Amino acid sequence: MRHLIDTTDISVAEVDHIINTALDIIANREKYREVCKGKKLATLFYEPSTRTRLSFTSAMMELGGNVLGFSDAASSSVTKGETVADTVRVIGCFADIIAMRHSKEGAPLVASHYSEVPIINAGDGSHAHPTQTLTDLLTITRELGHLDNLTIGFCGDLLYGRTVHSLIKALSRYEGTKIVLIAPDSLRLPDYIKHDICDKNGIEYREVSTLEEVMGELDILYMTRVQQERFTDLDEYERVKDCFVLDAAKMRGAKERMAVLHPLPRVNEIAIDVDRTHVQPTSVRWRMASLYVWLSSIPFWSGPRSRLRLRRHLVSI
Ligand code: CP
């Protein structure tokens, strides 16, 4: 049985297959109305979420399946001391697949060692958020038409930003990826990602101190929120929270087709003068594709072993 703990748990070919399935779902929605009939998804969310939990829920409903779960650890038996291992052993008797979010890095990996059903990591601490990454890859494919030869700027909280970590890992597998890192000194990308992911895959990256100096070279600008909930020193959070703000004046330096992505929630890092929003439900389509592929037992899943997109006038969640 396979689990999805981080983006590299699936191959580039498998990512392509999911993107193609998502594109087919967008084009032929009716075809997928009942493909998960009789199946159940459990959403175990030990940490707050709006988009991920509700898009998983919506995706399963669109596919004809059912959803159970909790959205707050305080309403679960974790308050009585139950371990993640025991919880997933039991939930595996109630559901066919589990999407788990947890504030502790590695909790979904631990769950995968004990679960009788597939575990999908819906975000673990500051480690990884693979389903957001797959949503981002679908958005990039729809906007720019390809995933190779892209120059991507990552801006904001690159230390705690799990969506950044997972997307860098995913893009490091495509030819010609170049990465530009824009962050306050205290929120720089962790060394293990620079060395174990970028250096090992021969990915060119550099760190710069302003958005303005790189705007003209970027195909994608990935903005992120400074994650207050990860700080132990709130004075430090106050000091860095508004270091980088994208506004309409900075956008004037960008390429005409540069796409701005943000996983949400947004706080101050993208001024509202940037977006004249038009919402597209990309994340639901991707999560439909992944649930369908997983639950329909397509052979390639049976081997051993997860917005806001702002592109000038366009927003995608
Ligand atoms: N992008 C994302 O993970 O949003 P939520 O925290 O609202 O799920």
Qualifying residue in the range 38-48 (condition: farther than 24 Å from residue 265 by Cβ and out of contact with any helix residue (DSSP H, G or I) (no Cβ under 7 Å at 6 or more places or on another chain)): yes
Residue list for the range 131-150, restricted to those being within 13 Å of the ligand (Cβ to nearest atom) and either among the polar types (S, T, N, Q) or under 16 Å from residue 45 (Cβ atoms) (or both): 131, 132, 133, 135, 139
Number of the exception - residue 21 against (1) within 29 Å of residue 174 (Cβ to Cβ); (2) at pLDDT 95 or above; (3) not hydrophobic (A, V, I, L, M, F, W, C): (2)
When residues of the range 143-161 are limited to those that are among the acidic types (Asp, Glu) and either touching a Gly at 6+ places or on another chain (Cβ under 9 Å) or under 30 Å from residue 103 (Cβ atoms) (or both), the one surrounded by the most Cβ atoms within 10 Å (Cβ to Cβ): 157
Residues of the range 36-76 that turn out to be part of a loop (DSSP other than H, G, I, E, B) and either surrounded by fewer than 18 Cβ atoms within 10 Å (Cβ to Cβ) or within 16 Å of the ligand (Cβ to nearest atom) (or both), as a count: 11
Pairs, first closer than 12 Å to residue 96 by Cβ in the range 28-39, second surrounded by fewer than 18 Cβ atoms within 10 Å (Cβ to Cβ), C-beta under 8 Å, six or more apart: 36/64; 36/296; 37/64; 39/66
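Taking the residues in the range 11-35 that are more than 17 Å from the chain's Cα centre (by Cα) and under 28 Å from residue 106 (Cβ atoms) as candidates, determine which candidate is nearest to the ligand (Cβ to nearest atom).
The first filter runs over the range 11-35 and keeps only residues more than 17 Å from the chain's Cα centre (by Cα), leaving 13, 17, 20-21, 23-35.
So of that shortlist, the ones also under 28 Å from residue 106 (Cβ atoms) come out as 13, 17.
On the way: 13: 25, 17: 23 Å.
Restricting to residues being more than 17 Å from the chain's Cα centre (by Cα) and under 28 Å from residue 106 (Cβ atoms), the top hit is 17.
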Qualifying residue in the range 186-207 (condition: open to solvent by less than 50 Å² (accessible area, probe 1.4 Å) and assigned to a strand (DSSP E or B)): no
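Restricting attention to the range 209-237, and to residues there that are among the aliphatic types (A, V, I, L, M) and open to solvent by less than 20 Å² (accessible area, probe 1.4 Å), which single residue is nearest to residue 164 (Cα to Cα)?
So the first thing to find is which residues in the range 209-237 are among the aliphatic types (A, V, I, L, M), and the list is 211, 214-215, 218, 220-221, 223, 226, 234.
In the following step, the residues that additionally are open to solvent by less than 20 Å² (accessible area, probe 1.4 Å) were identified as 211, 214-215, 218, 220-221, 223, 226.
Details: 211: 17, 214: 18, 215: 18, 218: 16, 220: 13, 221: 11, 223: 9, 226: 12 Å.
That would be 223.
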Close pairs (8 angstrom Cβ cut-off, 6 or more residues apart or separate chains): hydroxyl-bearing (Ser, Thr, Tyr) in the range 97-113, more than 15 Å from the ligand (Cβ to nearest atom) and open to solvent by 10 Å² or more (accessible area, probe 1.4 Å) anywhere: 112/3; 112/5
Any pair with Cβ under 7 angstrom, 6 or more apart, that starts in the range 211-234 at a residue that is among the hydroxyl-bearing types (Ser, Thr, Tyr) and ends at one that is modelled with pLDDT of 95 or more and assigned to a helix (DSSP H, G or I): 222/164; 222/167; 224/163; 224/164
Residue 73 vs. criteria modelled with pLDDT under 95 and more than 18 Å from the chain's Cα centre (by Cα): yes
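One line per residue, one yes/no per condition, for (1) aromatic (Phe, Trp, Tyr); (2) assigned to a strand (DSSP E or B):
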residue: 94; (1), (2): yes, no
residue: 98; (1), (2): no, yes
residue: 110; (1), (2): no, no
residue: 116; (1), (2): no, no
residue: 122; (1), (2): no, yes
residue: 126; (1), (2): no, no
residue: 138; (1), (2): no, no
residue: 142; (1), (2): no, no
residue: 154; (1), (2): yes, yes
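Give the residue, chosen from 276, 252, 305, that is at pLDDT 75 or above, exposed (fewer than 13 other Cβ atoms within 10 Å of the Cβ) and more than 16 Å from the ligand (Cβ to nearest atom). Even if it seems obvious, please write down each step before you answer.
Details: 276 fails: at pLDDT 75 or above; 305 fails: at pLDDT 75 or above.
Being at pLDDT 75 or above, exposed (fewer than 13 other Cβ atoms within 10 Å of the Cβ) and more than 16 Å from the ligand (Cβ to nearest atom) holds for just one of 276, 252, 305, which is 252.
The values are calculated or read from the model by the stated rules, or taken from the named source; none is laboratory data. Fair warning: this is a prediction, and the values are worked out from it, not measured in the lab. Every residue, glycine as well, gets a Cβ built from its backbone with ideal geometry; the counts of neighbours run over all protein chains shown. Side chains are part of the model used for accessible areas, which takes the heavy atoms of the whole protein and leaves out ligands, DNA and RNA. Shrake-Rupley method; radii C 1.70, N 1.55, O 1.52, S 1.80 Å.
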